[in-house]
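First comes the structure, then the notes that go with it.
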Amino acid sequence: MSNTENTRAPRVVILAAEGQPLPCNLNEIEARADVTVTDAAGLAEASQGADVLFLWDFFSAALRDAWPHADSLKWVHVAAAGVDAMMFDELRSSDVVVTNAHGTFDQPIAEFVLASILAHDKQLHLSKSLQQRAAWQHRELTRTAGSHALVVGTGGIGRATARLLRAMGLEVRGVGRAAREDDPDFGTVHPSADLAEHAGWADHVVLIAPLTEQTRNMVDARALAAMKPSAHLVNVGRGALVDEPALIEALREGRIAAASLDVFSEEPVPASHPFWAMDNVHMSAHMCGDVVGWRDALARQFLDNLEHWTAGGRLANVVDKERGYVSSS
């Protein structure tokens, strides 16, 4: 899609949460477009006549309510890899193009996954706990090279993760929408519907898949029952990829060894949630891709796409609205 209305500057609405720092390059965006910055409460009014919506507040679902007022909208850009929070039926069936932050988080999240696996195998969480109790306890650790990692999600982040884990000496397989052999990054890719049949192969099951109706609760009681008692689950995708009550039960009963979780079904995680008190759960606050400078990278990515669009070029990182992610096909 390209912008053919060259007689005027495009109208761009930037949706930001209250108190959220604005894009670092706002002045550059304003030099190329007629810009309105609003929060969710003002989106309906601001979206009237707007050509472009930049969801800087990438967890916001406010567009759904404002949709009847978005009478000229052509393009929505989400400053995140996942678009599940803002997607709805009317947007899917419309001609509005959706783009996302595809590529920005690939390497940072891959590094976070590797760190999670190493922390588990080398018992770094236990070492810190023992240090806090001034307890000297010698143990034998797990060799990471040669272990098996099943990466669920074969998009850009999954591929970056597979390459990094392979470089560390792990054997990697993928789980994706369609089965295939001889994949350049995964070797073997199993279909998502058969996850439970292949989960028992893995020492580490890594969830990076986008959240769709097909992937919601894909790690359920059946998949967990198929995993090794020594298995380690890493979730850096979306909390709803996992049936959390089933995971809690599996961890409590020792049917899997541990979970490293960066995403949860409810965020922030309530203080009463069982995860907080579980020694075999390692939690972080949805931050796996948020390396220093990540906001600046997201702002530059939008500006680059805006420049291409206003010059009549094609948009990059176009999301397949039915699948919920940028499709290589």
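Output the qualifying pairs, or none if there are none: Cβ atoms under 8 angstrom, residues six or more apart or on different chains, first residue in the stretch 177-199 and farther than 20 Å from R163 by Cβ, second residue modelled with pLDDT under 95 and among the small types (G, A, S).
Close Cβ pairs satisfying both conditions: P191/A178.
Could you list, ordered by first residue, the pairs with Cβ atoms under 6 Å in which the first is in the stretch 77-91 and closer than 14 Å to T212 by Cβ and the second is at pLDDT 95 or above and not in a loop (DSSP other than H, G, I, E, B), at least 6 apart or interchain?
Going by the 6 Å Cβ cut-off, the qualifying pairs are M86/L63; F88/R64.
Under 6 Å between Cβ atoms, at least 6 apart or on separate chains: pull out the pairs that start in the stretch 149-166 with a residue that is touching a residue at least 12 places away in the same chain (Cβ under 8 Å) and end on any residue that is buried (at least 21 other Cβ atoms within 10 Å of the Cβ) and hydroxyl-bearing (S, T, Y).
Short answer, once both residue conditions are applied: V151/T161; G155/Y325.
All but one of (1) outside any helix (DSSP H, G or I); (2) out of contact with any Lys or Arg (no Cβ under 7 Å at 6 or more places or on another chain); (3) touching a residue at least 24 places away in the same chain (Cβ under 8 Å) hold for V98, so report the exception by its number.
(2)
Please determine, by comparing only the residues of the stretch 282-307 that are assigned to a helix (DSSP H, G or I) and either of a type in the set (G, A, S) or at pLDDT below 95 (or both), which one is nearest to G103 (Cα to Cα).
Among those that are assigned to a helix (DSSP H, G or I) and either of a type in the set (G, A, S) or at pLDDT below 95 (or both), it is A297.
Scan (1) under 24 Å from L224 (Cα atoms); (2) surrounded by fewer than 17 Cβ atoms within 10 Å (Cβ to Cβ) for the single condition V291 breaks and write down its number.
It fails just one condition, (1).
Let me confirm something: among L22, L26, which residue is in contact with a strand residue (DSSP E or B) (Cβ under 8 Å, 6 or more places away or on another chain), surrounded by fewer than 14 Cβ atoms within 10 Å (Cβ to Cβ) and among the hydrophobic types (A, V, I, L, M, F, W, C)?
L22
Kindly check whether there is at least one residue in the stretch 80-94 that is among the small types (G, A, S), assigned by TED's automatic domain parsing to the domain that holds A297, part of a helix (DSSP H, G or I) and more than 21 Å from L22 (Cα to Cα).
Yes; the residues of the stretch 80-94 include at least one that is among the small types (G, A, S), assigned by TED's automatic domain parsing to the domain that holds A297, part of a helix (DSSP H, G or I) and more than 21 Å from L22 (Cα to Cα).
The values are calculated or read from the model by the stated rules, or taken from the named source; none is laboratory data. Note that the coordinates shown come from a computational prediction; the quantities given were computed from them, not determined experimentally. Glycine also receives a Cβ, built like all others from the backbone with ideal geometry; neighbour counts cover every protein chain displayed.
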